[in-house]
1. Would you point out the residue of the range A:1-54, among those that are under 30 Å from A:Asp85 (Cβ atoms) and not in a helix (DSSP H, G or I), that is farthest from the other protein chains (Cβ to nearest Cβ)?
2. May I ask you to list the residues in the range B:81-132 that are within 13 Å of chain A (Cβ to nearest Cβ) and in a helix (DSSP H, G or I)?
3. Being modelled with pLDDT of 95 or more and loosely packed, with under 13 Cβ neighbours inside 10 Å: is that true of B:Arg98 here?
4. Under 24 Å from A:Glu12 (Cα atoms), touching a Leu at 6+ places or on another chain (Cβ under 8 Å) and within 16 Å of DNA strand D (Cβ to nearest atom): which single residue out of B:Leu82, B:Leu70, B:Leu104 fits that description?
5. Just checking, how many residues over the range B:60-73 are in a helix (DSSP H, G or I) and free of Cβ contacts under 8 Å to residues at least 24 places away in the same chain?
There are 2 protein chains.
Amino acid sequence: MAVTTAETRLEERWRDILAVHARTMCEIDRALHPHGLGASDFEVLDILATERPEHGEQCRVQNLVGRVHLSQSALSRLIGRLEKDGLVERSVCAEDRRGVWVALTPKGRSLHAEVLPLQREVLRRMLAEQKG
Amino acid sequence: MAVTTAETRLEERWRDILAVHARTMCEIDRALHPHGLGASDFEVLDILATERPEHGEQCRVQNLVGRVHLSQSALSRLIGRLEKDGLVERSVCAEDRRGVWVALTPKGRSLHAEVLPLQREVLRRMLAEQKG
DNA sequence: GGCAACTAGTTGCACAGTCAACGATTGGCC
DNA sequence: GGCCAATCGTTGACTGTGCAACTAGTTGCC
């Protein structure tokens with residue numbers, strides 16, 4: 001019996017996560033779509049925006065892979081799209097010429113600033129009402 | 001300040017959900033893939049399995065839409081795939097001939113029984129270690 | 001009966017995602 | 001130096017998903 005209820009609780013918790021995730025994701029997409037962005041796009045923009053510009057750190061792409069829940073290839077294409085839209089710029093990494101640096105353009109930075117409140121608002125709306 | 005920390009907490013909570021969702025989803029996929037199923041497929045199978053067989057209820061498809069986080073069209077195709085694999089059967093609903101009934105075949109039921117422990121095990125492994 | 005509004009499910013199309021294979025570069029080891 | 005393994009990023013082929021448009025069936029109203 002104890003096992004059964006533990007299992008049930010696990011199952012419920014999973015359903016809960018699934019539901020919150022789906023609803024929130026969907027809302028973010030809906031809020032950002034008018035600006036030509038999807039949820040993943042925003043996430044990358046957001047990471048780049050909070051990154052110190054004068055960072056001198058690693059070649060970015062590799063750096064991003066660990067932080068977004070996306071395969072390397074998906075990320076590559078995503079960056080390609082952002083670049084095509086003039087939101088980011090790619091440049092080869094001098095020290096390790098396999099690597100690629102990714103940086104926000106002014107346009108990318110301003111778009112991020114524009115949509116950040118929208119995303120936050122969705123988060124507030126969808127996550128706040130959650131169980132206490 | 002209070003506003004900022006509240007925002008930060010929201011942001012963290014969202015990142016948390018994103019991370020748990022991605023990791024768990026990925027693991028479920030990985031566990032079920034050898035059996036020819038994805039996470040969504042399992043979810044539908046699971047709902048059908050826990051449904052009372054002699055239910056006399058509505059036409060199922062409509063019933064399912066509300067329970068999985070999938071568009072109606074995605075669900076339609078998913079059921080199509082399951083049917084092609086002989087796991088479920090579609091039949092027209094006599095009372096409302098627009099509707100379609102979906103039911104597990106014996107093969108579908110046994111496959112569900114086979115993979116259920118795998119999914120549970122993943123849930124236990126991924127969700128249990130979560131914050132306390 | 002006949003027409004309009006609605007609902008159930010499927011399908012065409014476009015797009016974002018994964019996996020596997022690839023080209024380029026680096027680093028270790030002989 | 002020369003070779004092999006590992007790493008970084010991109011690309012090709014394929015799959016699953018959502019939106020919009022569609023067909024088929026139902027309900028209500030005249």
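1. As a first pass, look at the range A:1-54 and keep what is under 30 Å from A:Asp85 (Cβ atoms): A:20-54.
From what's left, not in a helix (DSSP H, G or I): A:36-38, A:51-54.
Working: A:Gly36: 22, A:Leu37: 16, A:Gly38: 14, A:Glu51: 15, A:Arg52: 18, A:Pro53: 21, A:Glu54: 23 Å.
That would be A:Glu54.
2. B:Leu116, B:Pro117, B:Gln119, B:Arg120, B:Glu121, B:Val122, B:Leu123, B:Arg124, B:Arg125, B:Met126, B:Leu127, B:Ala128 - these are the residues of the range B:81-132 that are within 13 Å of chain A (Cβ to nearest Cβ) and in a helix (DSSP H, G or I).
3. Answer is yes for this residue.
4. It is B:Leu70.
5. Matching residues across the range B:60-73 total 4.
Okay, residues lined up against (1) under 21 Å from B:Pro106 (Cβ atoms); (2) β-branched (Val, Ile, Thr); (3) away from DNA strand C (no atom under 11 Å from the Cβ):
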residue: B:Arg30; (1), (2), (3): no, no, no
residue: B:His33; (1), (2), (3): no, no, no
residue: B:Asp41; (1), (2), (3): yes, no, yes
residue: B:Glu51; (1), (2), (3): yes, no, yes
residue: B:Arg60; (1), (2), (3): yes, no, no
residue: B:Leu64; (1), (2), (3): yes, no, no
residue: B:Ser73; (1), (2), (3): no, no, no
residue: B:Ile79; (1), (2), (3): yes, yes, no
residue: B:Ser91; (1), (2), (3): yes, no, no
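The values are calculated or read from the model by the stated rules, or taken from the named source; none is laboratory data. All values reported here derive from a predicted model rather than from experimental measurement. For neighbour counting, all protein chains shown are included, and Cβ atoms are generated from backbone atoms with ideal geometry for every residue, glycine included.
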